[in-house]
Amino acid sequence: MHGTIIHYDTLTQCGLLRTEAGQLHYFRRDDVAEATGFAAGRQVSLRAGTLADTGGSQMDIVEGLAAIRHVEQARRVGTLPAQPAPPPPKRATQSISWVGGWLSLAALLCLLLAGGNQFSEPSVYAAAAPKLIGSVFGVAAAVLLVILAILFFTHKTRRLVRWTYWLTVWSSLFAYIAQTIDGFEIDAAATCYGYSLIALLVAVFFVRK
């Protein structure tokens, strides 16, 4: 059996055609034996016994189009799945996470090197200034930096990363206050540590939610 397509909807994959006998039929894409195209006016081969008669010769083209639009609208409302929300750009968020992880390790290195300079000219009697890592808070900051690097590398959510970052900042601040009482002096490593914490703040802000 052959028919001429009058209307076809690509979204629902349904349409209306007129057979060689002059009858109008509602058809689906699967009803077509050879899918060579579905433009209006194109003739297609049909599988026998698969068409649903919309009224035959008693229905004109205008009524047939109204019927097919009604069917298409019902199929759109009842069967089409909801469109998922567009996913966030993975490549950008993963790049920021990797940068944050390496910044955390760089900050850890600066923390380990911060302090420890001599109070006076190098001599037998010169005493070394305390290191920033020498306090309990300094050790806590170092551990938190390791955890922060792991969180970045494993692409954890922003909330968990932020909590760990601010705990690191407060631990570093308490370590600085405690060691300053014992004579801690800011050196180049301590300065770099402060800048690395600022850079980490930027990475924490742009990490995925």
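Which percent of the accessible area of segment 2-46 is formed by carbon and sulfur heavy atoms (probe 1.4 angstrom)? Walk me through the numbers before you get to the answer.
On the way: 910 of 2250 Å².
Of all accessible area on segment 2-46, carbon and sulfur atoms account for 41 percent.
Treating only the Cβ atoms of Lys and Arg (+1) and Asp and Glu (-1) as charged, compute the dipole magnitude of segment 2-46 about its Cα centre; round to the nearest 20 debye.
80 debye
Rolling a 1.4 angstrom probe over the protein chains, ignoring ligands and nucleic acids, what is the accessible area of Asp182 in square angstrom, nearest 10?
100 Å²
For Cys14, which sequence-distant residues (separation of 5 or more, or a different chain) have an amide H within less than 5 Å of its own amide H, given hydrogens modelled in the peptide plane?
Asp9
Ranked by accessible surface with a 1.4 Å probe, highest first, in what order do Cys110, Cys192, Cys14 come?
Numbers: Cys110 30, Cys192 65, Cys14 0 Å².
Largest accessible area first, the list is Cys192, Cys110, Cys14.
Tell me the label-point distance for the pair Ala33, Ala21, using the 7 Å Cα-to-Cβ offset, in nm and rounded to one decimal.
About 1.6 nm, to one decimal.
All other residues with a Cβ under 15 Å from the Cβ of Leu200 taken together, and with Lys, Arg as +1 and Asp, Glu as -1, what is their net charge? Mind showing how you got there, number by number?
Values: positive: Lys156, Arg158, Arg162; negative: none.
Local charge sum for Leu200: +3.
Mind checking the full-extension length gain between Ile147 and Val202? Use 0.36 nm per residue of separation minus the Cα-Cα distance, one decimal, nm. List each step's numbers first, then the result.
On the way: separation 55, 0.36 × 55 = 19.80 nm, distance 1.77 nm.
Result: 18.0 nm gained on full extension.
Express the accessible area of segment 2-46 per residue in Å², computed with a 1.4 Å probe while the remaining protein chains stay in the model.
Values: 2250 Å² over 45 residues.
Using a 1.4 Å probe on heavy atoms only, each residue of segment 2-46 averages 50 Å².
The values are calculated or read from the model by the stated rules, or taken from the named source; none is laboratory data. Small disclaimer: the values here were computed from a predicted structure and weren't measured. Cβ atoms come from the backbone with ideal geometry, glycine included; neighbour counts cover every protein chain shown. These accessible areas exclude ligands, DNA and RNA; they are computed on the full protein's heavy atoms, side chains included. Shrake-Rupley method; radii C 1.70, N 1.55, O 1.52, S 1.80 Å.
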